[in-house]
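Worksheet: one structure, shown below.
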Amino acid sequence: MTTAPQQEWWSAAEIAEAELPDMPTTKRRVNDLAARLAWSDHPDVARRRTGRGGGWEYHWTLFPHRAQALLLSRAKAAPIPDARPDRDEAWTWYETLPAGPKAKAEKRLMIIQKVAAFEAGGSTRNMAVCDVARMEGVAPRTIWNWLDMVSGIRADDRLPYLAPRNQTGRRSPRATEIDPQFLDLIKADYLRLEEPTLRSCYDRTVRIAKAQGIEITPLHTVSRWIKRTVSPTALVYARKGYEALKRMRPAQTRDKTAMHALEGVNGDFHRFDVFVRFPASADGQPEEIARVQMCAFQDIHSGMILSYRLDRTPNSHCVQLTLGEMIERWGIPEHVLLDNGREFAAKLITGGSKTRYRFKVKEDDPSGLLTSLGCEIHWALPYSGQSKPIERAFRDMCDRVAKHPAFAGAYTGNSPDAKPENYGNAAVPLAVFQKILDEEIKDHNERGDRRSEVAYGRSFADVFRESYANAPIRKATAAQRRLWLMGAEGIRANSTTGQINFMGNRYWADWMADIAGQKVVARFDRQALWDGIHIYSSSDAYLGFAPCQVKAGFFDMEDARATAKAKKAWVKTQKAELAAYRKLTVRDVADALEAATPQAPAEPVAAKVVRPLFDAPKTPVAEQPSDKVTAIQSAMVADLDAARTSRLAKSEEADGRDTFVRARELEQLQASGGHLTKQQQVWLAGYQTTAEYRTWSSMVEDFGEDVLAK
């Protein structure tokens, strides 16, 4: 709403007749005042009078302040609709302007501010406008127009209202009509993952359009239509796929400053692009050249690598040892971010976690290492490197470890098409690789000038040590150490005695009768199964220790893993061999038989001659064998007697006495501290489980050593 006098332009006679305050009351004096103040020199507020008599007319804004106030008081406030946008709409529109109109708006605002400054110094608005117009080189009428544009607007909101609107209008392009069928053909051919060029799609569509009588649109029109209507995200998704679309959205930025050392850790496996020579192992695995795998755990707050281990393949046992090393040295973390691989989701590590989406989850699953220690487990998104901060450390190791000078010739390249020219020329011994890795990870932790949000130029190790000194850290007890030094397997005790059969060994103690038939958890030393196992309930309560009663041939977990692997490979070979022999299935044979069998049932054969029965059956007379048959029968009986006599003689010779004597000699040698070969240990342990060994042991115990004499 704006207010103005009813009369804005005044002649000298009208001014004199109005008798306004501080204004002359005669026409001559009014003209003298106008000449003295040079009102007519300002065409924006002075104009020639049209009509009879001529003369000048002056705008009411030239009058003194009290005269203006009187005219305004006499005017009736008439509501005038304000077509200007509200402040939010004006500022939103202003942000879309280019730099040119914004610069003009800022210059206009500066001029208006100067007018306000002159007014604050005591000048009238008219004088202020005239002075500023003279200084800036613009017409006073122009400044008056700008003042009208911001009339009634707050001083801090004037900028968008002063922007020129005649230069900001954009002519909307005239859209060319395109045949919908032509567009459908273009879109179906162009928006696909093979990423054909628009030109090739257009040429194919033109051929189809000519054949079907569809109106053809020029290529440049189709190109503009695609740019105008198909969003960049939809175009990327259609032509490059989901992974490319995900990269168009920024990754989540997570704040680590509020955390402390060991509050959260994350772990993963990394395969180095280096050929490593693994030595032959005692369990029979031959020497092998392969790319080594590293399991590592990193502190999320500082970025420091806390523990790491090398292995041939990713497996849960390596994860268990790496976690145990970290917890033993630093403490128990509150949160653990893990990769979604099977080696981390194994029951040995995360059993009992409700968010495990690997393997079958059962209510009576044994608690894994992290679950038993009270760690909160988080799973990283599959195929999402941004979810695991340790991937950033692995990227550094790809350069500083895999491309180390000591590994020249053993580097494999990070992809099949990036193999170096000296690919396969060398293989690094495992001990050498471990030594270089230890040095580089130590340098990774201690290297300064880190630019993370918590390092500020310090090293990862400095950040970790500073936070670790003041953080509440949980340390593992002696009972908790068994969780990572032992493996866990959910097994069921014997329903009668409570005995546990595990890995071919038998474990039993007097107290185990109380757990007969129950499902329990056995924790054991991977390197010494013969030392016994610790028994826990399914709720992870410690029950007691069970010594090994009957020792089988498997004396460590590594042997068990190697044997299981060899057995699996052998079974696979036998299945393949059987499949090679069997070209047809049983079903094929059955179908062939059905086809070969006549469908119509055979007619039963009827007897045409029937022998009558007149007398009672007579007792048959035994026929005497001939001399030849009798001789043959006698020879057969003699052969059977000779075979029976031979078997008895061999049984007496091989009654197991010699085998038991050999076992006794090995036992005496072992008891005296003598050395047994691995084959002798395996044979002796297996023989001690046989009934023959127990029988001869009982005979020696009852009758003495003389029973062994032949």
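The values are calculated or read from the model by the stated rules, or taken from the named source; none is laboratory data. From a predicted model like this one, the values you see are computed outputs, not experimental measurements. Heads up, the Cβs are rebuilt from the backbone with ideal geometry, glycines too, and the neighbour counts pull from every protein chain shown. These area figures cover heavy atoms from the full protein model, side chains too; ligands, DNA and RNA do not enter into them. Shrake-Rupley method; radii C 1.70, N 1.55, O 1.52, S 1.80 Å.
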**Request:** Would you tally the residues in the stretch 1-45 being touching a residue at least 24 places away in the same chain (Cβ under 8 Å), open to solvent by less than 60 Å² (accessible area, probe 1.4 Å) and not polar (S, T, N, Q)?
**Result:** 13
**Prompt:** Does P389 qualify as being modelled with pLDDT of 75 or more and under 12 Å from the mean Cα position of the chain (by Cα)?
**Reply:** yes
**Message:** Regarding the stretch 328-351, can at least one residue be identified that is open to solvent by less than 20 Å² (accessible area, probe 1.4 Å), in a helix (DSSP H, G or I) and in contact (Cβ under 8 Å) with a residue 24 or more places away in the chain?
**Reply:** yes
**Prompt:** Is it the case that some residue within the stretch 277-287 is over 30 Å from R199 (Cα atoms) and part of a strand (DSSP E or B)?
**Reply:** yes
**Request:** Find the residue count for the stretch 442-475, including only residues that are assigned to a helix (DSSP H, G or I), open to solvent by less than 70 Å² (accessible area, probe 1.4 Å) and under 16 Å from I300 (Cα atoms).
**Result:** 9
**Asked** Which ones in the stretch 657-710 are surrounded by fewer than 15 Cβ atoms within 10 Å (Cβ to Cβ) and outside any helix (DSSP H, G or I)?
**Response** S672, G673, G674, H675, L676, T677, T690, G704, A709, K710
**Prompt:** Out of all the residues in the stretch 201-209, is one or more farther than 30 Å from P472 by Cα and under 27 Å from the mean Cα position of the chain (by Cα)?
**Reply:** no
**Asked** Residues of the stretch 480-506 being at pLDDT 70 or above and either assigned to a loop (DSSP other than H, G, I, E, B) or among the hydrophobic types (A, V, I, L, M, F, W, C) (or both), which ones?
**Response** I491, A493, N494, S495, T496, T497, G498, Q499, I500, F502, M503, G504
**Prompt:** Which condition number does A635 fail, the rest of (1) surrounded by fewer than 12 Cβ atoms within 10 Å (Cβ to Cβ); (2) under 29 Å from A709 (Cβ atoms); (3) modelled with pLDDT of 75 or more being met?
**Reply:** (2)
**Request:** Could you please find all residues in the stretch 71-99 being at pLDDT 85 or above and among the hydrophobic types (A, V, I, L, M, F, W, C)?
**Result:** A90, W91, W93, L97, A99
**Asked** So G303 clears everything in (1) within 19 Å of the chain's Cα centre (by Cα); (2) modelled with pLDDT under 90; (3) open to solvent by less than 40 Å² (accessible area, probe 1.4 Å) except one condition, right? Which one?
**Response** (2)
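Here's the yes/no breakdown for (1) at pLDDT below 90; (2) part of a helix (DSSP H, G or I); (3) surrounded by 14 or more Cβ atoms within 10 Å (Cβ to Cβ):
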position: E195; (1), (2), (3): no, no, no
position: D203; (1), (2), (3): no, yes, no
position: V206; (1), (2), (3): no, yes, yes
position: H220; (1), (2), (3): no, yes, no
position: W225; (1), (2), (3): yes, yes, yes
position: R228; (1), (2), (3): yes, yes, no
position: A234; (1), (2), (3): yes, yes, no
